[in-house]
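The values are calculated or read from the model by the stated rules, or taken from the named source; none is laboratory data. From a predicted model like this one, the values you see are computed outputs, not experimental measurements. Note that we place each Cβ from the backbone using ideal geometry, even for glycine, and neighbour counts take in every protein chain shown. Surface areas here come from the heavy atoms of the whole protein model, side chains and all, with no ligands, DNA or RNA. Shrake-Rupley method; radii C 1.70, N 1.55, O 1.52, S 1.80 Å.
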Amino acid sequence: MSNTVTATSALMKNYQRLPITILKGKGSYVWDDQDVKYLDYTSGIATCNLGHVPDQVHAKLSEQLENLWHCSNLYQIPQQEALAAKLASLSCFDQAFFCNSGAEANEAAIKLAKKYAKDHQKPERTEIVTFSNSFHGRTGSTMAATAQTKIHNGFTPLTPGFTYLPFNQQETIEQIDTDKTAGVLLELVQGEGGVHPADAQWVKALYTYCKEADILFMVDEIQTGIGRTGTLFAYEQYDIEPDAMTLAKGLGSGFPIGVLLAKTKAADSFSPGTHGSTFGGNPLAATAGLATLEQIADAAFLTGLQEKCVLLTEALTKLADSNSLIKAVRGKGLLIGLEVENKAGVWVEKLREKQILVLTAGEHVVRILPPLTTEKEELFTFIGVITAIAADIEEKG
């Protein structure tokens, strides 16, 4: 194999791929086809929260592979029942709908909000409110829910029914039209949009407004859920109990899975025949989700995780204080964004040259997503390398 992207590939060109071919992963590391070892602080874009090929998930999946791969939702699926019960017991929600991805989970949330409004004699409520710079997916409806023009370019006319309001601004709450709004969909940390955490007071006021107006308050935790922000779910840090929540990414340790969780009052609007998924929650996906959740939900695991979150945030804040090119350190837990004065891609490339993988979140934000299982020694290695790179970039202007 070669580390070059060929012009003759039969793949569509919708991904701007880096010239790296990754063949193997374990823990915090991946290896390319030249046997170069990288510290992977992308975690598959916040997906491999337990690192690559975690032993516990591997063992459970291997066992399931010997028995049954797929079973349609026409029949009872014990693994799916167990995962739904586990998620309900660990959250404020009562019921689950399983699908294959975060975008599908958000599609389900959008449908649920509209159906809930109609079931409660408010058929005029057809709009979903989302917020500036949000990202909810790339399907027809979730692309329209995403309040970023660059995501929309080339795909108009967009699916109607979405209203965009400013993020983290108190006055936006009064702009919500209670006559037309079925639901509000909110990221508690805008990952793709630049790693911007939602303000706690603003979230609480928005939540209270929705409760009083009987508008479904839904949180998109596709990237923030399953321990990424230091708690099992980010909403736990905001003193709220949403009506619905979407999860994906970290739930399956890299195995495709998505889920919409909802409280009973909302979940009851999904009666038989209203929504479905061929592969959603099949035995393999549910097994991966359950094995992942059992490890991350452990109290000792979360305590150790929070120590690492503090270590990384404090180190990067100290670096920002000493380097004129770093404008801000944002995020929660192990979802960190460094806002830099120059192009974030420069930092990503220099880190890659030192065998460390990170991402961007917009033109001027470096996004850092270590696996939750990363060792403190690995964090120290990363901090040392990025500190040296920051000094070199600053010196060269």
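Residues considered: E339, E375. Of these, the only one that is touching a residue at least 24 places away in the same chain (Cβ under 8 Å) and farther than 24 Å from L18 by Cα is E375. How many residues are over 28 Å from T373 (Cβ atoms), surrounded by 22 or more Cβ atoms within 10 Å (Cβ to Cβ) and hydrophobic (A, V, I, L, M, F, W, C) when one looks only at the stretch 206-251? Final tally of qualifying residues: 7. Taking the stretch 316-328 as the range and being assigned to a loop (DSSP other than H, G, I, E, B) and exposed (fewer than 14 other Cβ atoms within 10 Å of the Cβ) as the test, only S324 passes. Scanning the stretch 86-128 for residues that are more than 20 Å from the chain's Cα centre (by Cα), of a type in the set (S, T, Y) and not in a helix (DSSP H, G or I) yields one hit, T126.
Counting the residues of the stretch 352-363 that are touching a residue at least 60 places away in the same chain (Cβ under 8 Å), in a loop (DSSP other than H, G, I, E, B) and surrounded by fewer than 22 Cβ atoms within 10 Å (Cβ to Cβ) gives 2.
From G331, G304, which residue is of a type outside the set (F, W, Y), closer than 30 Å to A84 by Cα, open to solvent by 10 Å² or more (accessible area, probe 1.4 Å) and in contact with a Pro (Cβ under 8 Å, 6 or more places away or on another chain)?
Numbers: G304 fails: in contact with a Pro (Cβ under 8 Å, 6 or more places away or on another chain).
Only one candidate passes the filter, namely G331.
Scoring I393 on the criteria (1) at pLDDT below 95; (2) assigned to a strand (DSSP E or B) leaves a single failure, condition (2).
Being open to solvent by less than 40 Å² (accessible area, probe 1.4 Å) and not in a helix (DSSP H, G or I) is the filter; apply it to the stretch 132-151 and report the residue that is farthest from L185 (Cα to Cα). Once the filter is applied, the top-ranked residue is Q148. Looking only at the stretch 15-63, residues that are among the acidic types (D, E) and not in a loop (DSSP other than H, G, I, E, B) come to 4 in all.
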